1. Restricting the range 110-130 to residues that are polar (S, T, N, Q) and over 16 Å from the mean Cα position of the chain (by Cα), which is farthest from residue 210 (Cα to Cα)?
2. List the residue pairs whose Cβ atoms are under 9 Å apart, where the first residue sits in the range 443-464 and is among the basic types (Lys, Arg), the second is surrounded by fewer than 16 Cβ atoms within 10 Å (Cβ to Cβ), and the two are 6 or more positions apart or on different chains.
3. Which strands (runs of 3 or more DSSP E) does the range 178-293 wholly contain that include 2 or more residues that are more than 24 Å from the chain's Cα centre (by Cα)?
4. What pairs come out if I take residues in the range 323-341 that are on the phi < 0 side of the Ramachandran plot and pair them with residues that are surrounded by 21 or more Cβ atoms within 10 Å (Cβ to Cβ) and hydroxyl-bearing (Ser, Thr, Tyr) whose C-beta lies under 6 Å away, six or more apart or interchain?
5. Hey, among 215, 246, 240, which residue is in the same structural domain as residue 284 (by TED's automatic domain parsing), closer than 20 Å to residue 304 by Cα, modelled with pLDDT under 95 and out of contact with any strand residue (DSSP E or B) (no Cβ under 7 Å at 6 or more places or on another chain)?
6. Within the range 182-214, work out how many residues are out of contact with any Phe, Trp or Tyr (no Cβ under 8 Å at 6 or more places or on another chain) and among the small types (Gly, Ala, Ser).
7. Looking at residue 129 and the list (1) over 20 Å from residue 290 (Cβ atoms); (2) in a strand (DSSP E or B), which single condition is not satisfied?
8. Name every residue in the range 69-106 that is assigned to a strand (DSSP E or B) and either in contact with a Cys (Cβ under 8 Å, 6 or more places away or on another chain) or farther than 17 Å from residue 365 by Cβ (or both), in order of residue number.
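The values are calculated or read from the model by the stated rules, or taken from the named source; none is laboratory data. Every value quoted in this text rests on a predicted model; they were computed, and no experiment measured them. Reconstructed Cβ throughout: ideal geometry from the backbone, glycine too, with neighbour counts over all protein chains shown.
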Amino acid sequence: MDEFRKRPESNRVVTQGDGSSEQARRLSGWGRRLAASSVALALAIAAAATSGAIAFAPVSASSPLVIGDLAPFTGPDAALGGYYDASCLAATKAMNADGGVLGHQLTCQTFDTRGDPADAVPAANQMFATTPNLAMVIGCTSDEAATVVPIINSKKMVAFCMTGQSEFDHVKYPYFFRLVPPDLAESYAMVAIAKYFKHYKKIAMAFGNDIGSQTFVGPAKQAIKKAGLKLTANVTLDLTANTFRTEAETVVQSHPDVILTEALGSADATFLSEVKQLNGGKMIPIIGTSATIDPGWFSSVGAAIGKSTLANKYVADNLVTATSGPEFTPFHSAMEAVASQVTAEDAGSLDTLLSGPGAVHLFDGMNLAALAMIMAKSTVPSVYKADILKIGDGVKGAVVVHSFAQGKADLAKGKAIRYIGPGGPTSFDAYHDSPGILQIDGYKSNGNVTVDGGISATQLRAVS
């Protein structure tokens with residue numbers, strides 16, 4: 001059943017599917033993932049291809065601008081949508097406190113893709129059919145980006161997406177922007193960590209059966225071969241399963257030095273617990289993707305194998321982001337302002353929200369787009385789109401700003417600006433990718449994230 005919910009005390013509306021109503025689920029709950037058939041995927045692609053392009057007209061001065069959060073809010077990847085929503089609430093609250101954009105206040109509206117391409121297409125179509133004041137889209141993860149980005153682009157709508165799918169490295173969508181690395185770069189990074197940082201020689205892989213996790217598998221296999229390492233096992237974890245004993249036994253019997261993994265929800269916790277049991281109570285080392293740098297993942301896996309064990313046996317690749325200083329302070333303040341509003345529902349905390357996957361990068365994307373609207377003096381994406389690049393990468397003589405308020409004030413003075421937020425400076429290529437710099441992170445036994453080293457471009461190239 002689809003659902004619709006509104007909380008009058010917040011600037012958020014949540015919409016799922018076709019908009020019919022039922023009692024809302026908690027964002028932190030895991031719903032059952034619906035499988036997409038090949039027929040559904042074909043229909044999705046056809047729908048994307050035939051969607052007519054529309055030009056969004058300027059909205060009236062009294063109307064709020066809507067940021068559409070098109071992402072999973074139910075299903076195994078539901079936590080991602082919760083983080084994106086919190087980031088949107090934080091960004092829009094800060095913008096509204098500073099007078100909004102060109103006289104408009106901003107609000108967030110979420111559309112549930114359920115992490116499934118077949119469900120994502122009607123969610124995207126509903127978003128455009130019911131949201132005349134849509135100003136930008138955020139979210140669109142690897143689970144559904146391949147089917148919804150063509151629709152978004154055909155509607156001439158700016159989107160900051162959290163997909164790592166490598167097709168977006170070489171297929172140009174003029175309205176698509178990405179502030180995270182492609183999955184193949186993360187795959188290379190995990191193998192580089194194994195080879196150069198940990199000096200492992202035998203690698204097993206265990207990734208979830210969702211599209212977002214499976215996109216790591218092919219590039220990682222190629223990188224393992226290129227690095228001269230041995231792939232001992234490659235298992236797929238059904239995110240709806242309650243046990244992975246067969247997969248765990250396959251991995252343990254292959255005697256790897258390390259396990260590369262991303263399986264969200266409860267899957268990694270169950271799988272790694274069974275690995276430890278079958279391995280005589282000893283945990284095989286783990287290298288995770290950046291999605292595993294997440295308080296929820298740490299909590300579930302730490303409870304399953306022991307927090308001190310996890311701290312000693314785990315590292316992950318992650319994007320370099322600010323954790324202090326002028327770039328971080330506005331983000332921290334914005335998230336702190338909404339923490340009490342969202343944490344009761346999302347079962348999180350301020351620290352959880354600050355370190356949640358994607359929150360930093362979507363916060364930066366929303367600020368870039370909002371400042372571009374002010375610079376272009378237009379809320380129409382086809383008009384303000386080009387100014388995102390100018391504000392992100394900077395132009396000659398640009399003043400560096402670290403917040404929406406700073407940028408808005410300097411634009412009002414006629415200054416050129418370059419926005420650098422908590423995600424660091426952007427460097428957009430011809431495909432609107434700005435992949436950032438990767439580092440090696442770990443955990444302390446209390447869940448705090450540590451920076452254990454860096455991954456050089458030379459090391460990435462050596463395994464790519």
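1. Among those that are polar (S, T, N, Q) and over 16 Å from the mean Cα position of the chain (by Cα), it is 130.
2. What qualifies is 444/450.
3. The qualifying strands (runs of 3 or more DSSP E) are 202-208, 230-237.
4. 330/403
5. 240
6. 6
7. Among (1) over 20 Å from residue 290 (Cβ atoms); (2) in a strand (DSSP E or B), residue 129 violates only (2).
8. Matches in the range 69-106: 69, 70, 71, 104.
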